[in-house]
Amino acid sequence: MAALRPLVKPKVVKKRTKKVIRHHSHRCVKIKHNWEKPRDTDNRGNNKKTKHMSPSGFRKLLVHSVKELEVLPMPNRSYCAEISHGVSSKNHKASVERAASQPSASQILMPAAQQRK
């Protein structure tokens, strides 16, 4: 079975393209151009179209149980399920099996997490 792909996968745009230099390093010779964390509002925003989007192109829906997985429509090409960190490994495995048992399975991020080898 082929992997489920997102309906639209826009290119993630990073706002800052120039190299960050130290603030006021051009004023004094003794202040080097070494990078120092800018404590300002610069570089604090994301593109609104790609905000909260995983690198695969899906938007994440946090799931805590198998019942919450049923809220997600199965042939979904916009959202994928991400199983919460606090879910036990038994319930994690049950959620992955439930999603895979559907004829048109939904995408689950990191299905092998919390599974012992």
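Can you name the residue in the stretch 78-117 that is assigned to a loop (DSSP other than H, G, I, E, B) and basic (K, R) and, of all such residues, is modelled with the highest pLDDT? Within the stretch 78-117, the match that is modelled with the highest pLDDT is R116.
If you go through the stretch 61-79 and keep only what is touching a Ser or Thr at 6+ places or on another chain (Cβ under 7 Å), surrounded by 15 or more Cβ atoms within 10 Å (Cβ to Cβ) and under 18 Å from L7 (Cα atoms), you end up with L72, N76.
The values are calculated or read from the model by the stated rules, or taken from the named source; none is laboratory data. The shown structure was predicted, so the numbers you read here are calculated from the model rather than taken from an experiment. Every residue, glycine as well, gets a Cβ built from its backbone with ideal geometry; the counts of neighbours run over all protein chains shown.
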